[in-house]
1. Round to the nearest 0.05 the FRET efficiency obtained for ASP335 and LYS227 when R0 = 25 Å and r is the Cβ-Cβ distance.
2. Any idea what the relative contact order of segment 364-511 is, in percent, if you count C-alpha pairs under 8 Å spaced at least 6 apart?
3. Under a Cβ-only charge scheme (Lys and Arg +1, Asp and Glu -1), can you give me the dipole magnitude of the chain about the Cα centre, in debye to the nearest 20?
4. Given R₀ = 56 Å, FRET efficiency for LYS288-ASN103 by Cβ-Cβ distance, to 0.05?
5. Mind scanning LYS113/LYS151; LYS403/LYS436; LYS22/LYS249; LYS234/LYS366; LYS10/LYS151 and naming the pairs with a C-alpha gap bigger than 25 Å?
6. Mind checking the full-extension length gain between GLU83 and PHE118? Use 0.36 nm per residue of separation minus the Cα-Cα distance, one decimal, nm.
7. Per DSSP H run of at least 4 residues, take -39500 (n - 2.57); add these up for the chain, divide by its residues and hand me the 222 nm value, nearest 500 deg cm²/dmol.
8. For labels at SER215 and ARG457 in the simple 7 Å Cα→Cβ model, what's the distance in nm?
Amino acid sequence: MCGIVGYLGKGNTLDILMESLKRLEYRGYDSAGIAVFHKGRIEIRRCQGKIWDLECSLKGERLDGHLGIGHTRWATHGRPSEENAHPHKSGKVAVVHNGIIENYVTLKEVLIKEGRHFRSETDSEIIAHLIDKFIEEGLSFEEAVRKAMKKVKGSYALAILYEGAPDTLIAVRKESPLIVGIGKDECFVASDIPAILKYTRNMIFLEDEDIAVLSPRGVKITDLEGKKITRQPKEIQWDPVLAEKGGYKHFMLKEIHEQPRAVTDTIRGRISLNKGELFLEDIQLSAKTLKALKRIVIVACGTSWHAALIGKFILEELCRIPVEVDLGSEFRYRDPIMNKDTLLMLISQSGETADTLAALREGKKKQVKSLSICNVVDSSLARGSDGIIYTRAGPEIGVASTKAFTTQLIALYLFSLYLAQVQGKIKKEGIKELLKELVKLPRLMEEVLAGDHEIERIAKKYVNCRDFLYLARSINYPIALEGALKLKEISYIHAEGYPAGEMKHGPIALIDEDMPVMVLFTRDKTCEKVLGNIEEVKARSGKLIVVTTEKDKEVLRKADDIISIPKTNPLLTPAVFVIPLQLFAYHMAVLRGTDIDQPRNLAKSVTVE
Ligand code: AGP
């Protein structure tokens, strides 16, 4: 969950490392550090805190080497502190690491017995010791890295420097993402695309157990046995401007406002409104495979799991195929039943979430076809799946997922229609009708965004509340979960999302005059029941905020506050309902003065279990 970077070239190494690290801060931000070759020595600067703190601690110091590595940390082993911050150095070797070394305790014991002295509590430090030890024993830098990698178990993305090789940077990965960027007379290493997008669009995506040796002679990639591997660079089309705040106070707010554009991009080129057809050939699953499907299992984590829950409603309604949804962290531990008629779908913004990737591996073990919905081009998930539908949200930097979520819903909608089309479950006229609604969606989203000041006003009223309950039913119930998650993660207010019908089975006990309840109300087959829930909340003096598509007098009379949203097709309603909930969480967090883009204890990509 940490971010690592590396640079080799004639540019200002320190500035490039700091700039790249800032773009990776969403991956972790409890401590940071850099190592730069300066006058033939590796100089390390690290501190507890954010990149900003590191910048301040450098106080304009000039380290003018042409080679360096950097790290922003999300603590797994050892509390956030300067000693535990990366880079870790042993002898002449400095290392930055993202991942977890599972056998570090055993390795550390052996190294301590051999007389090595450890300075941190981290698992990462053993890597520097191992490489240094093998170099001392006579191996070359590259051979030593290879030998060390054969000893360690777990996940890693590493950038490594050795004082004996002042023009070489070695990068290696296993189960943690790592990219090599190729510029003109310079090259880069980074955990993620946005970190180096400002400098180059040509990127090589390293595979597990690739070792990349970067030097002025170019980039050489080998496997752990030293066998040469050819990996072609890919040109990344993302606009670097998308990774900037563009005048917004926070990335999260910018990304909330980008949703109409992101949805439009995700639809573009994939539908014909006139013909009532969908073109999703890029998913790379044959019509034969899709026709034979009898069951779908969707696996994801966090917000992506909420999208999966909505996907179940859409797929079952349009395709009449049974859909099961599971959490990545649970899936592989229950020996899931899947056979050749099952499609395993994985949903992930980053494509690097450890539990979702583990689900993909579980699917491969059981030989089922996989289809991913993913935002990050060429991420581990995208590369490992049989088929892929890219959401075209662009880089999402705010830790709280917003535009990735709505575009996941669009991808699910498009895939459901496509599958229904392939399986002959829907007529062209039916597709036309549903697509007509889909293309109107960005405009409806704009309408909701235009009402932001009202949501801000409501947030001011409730800013001191300690708990929140979110209720909804049917396809919108996962939006109650998502609204509660957004509020929790960025404002640190305790919030629970519930399917409204469950209220009587427990949460009703919480309701009193201090408990605001956010109810999502729309006229569907469960609306009478939700009206009942509204009455029950009021009867217990609960404060009621109603988000609604309706002008229903009865509801409006009961509500303490109302957020009106436009009507759309019921299958698309979640994509509209979620926007006021994102804005509400945002304003609550602003009012409470929390760190919105980098909330405490969280990281954007959860690349460890
Ligand atoms: C959402 O706001 C989160 N920060 C988190 O739940 C996230 O959705 C989850 O970690 C899954 O990430 P992914 O989509 O990159 O796999």
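Please treat every number below as a calculation from the coordinates, not as lab data. All values reported here derive from a predicted model rather than from experimental measurement. Neighbour counts run over all protein chains shown; Cβ positions are idealised from the backbone, glycine included.
1. Values: r = 36 Å, r/R0 = 1.42.
So the FRET efficiency works out to roughly 0.10.
2. Details: 125 pairs, mean separation 19.3, N = 148.
It comes to 13 percent, rounded to a whole number.
3. Working: 89 positive and 84 negative charges, 231 e Å.
Computed charge dipole of the chain: roughly 1100 debye.
4. On the way: r = 44 Å, r/R0 = 0.79.
Taking R0 as 56 Å, the efficiency between LYS288 and ASN103 is 0.80.
5. Distance filter (> 25 Å) returns LYS234/LYS366; LYS10/LYS151.
6. Working: separation 35, 0.36 × 35 = 12.60 nm, distance 1.02 nm.
This chain segment gains 11.6 nm when fully extended.
7. Details: 20 runs with 226 residues, N = 609.
Counting only the DSSP helices, I get -11500 deg cm²/dmol.
8. For SER215 paired with ARG457, the spin-label model returns 6.8 nm.
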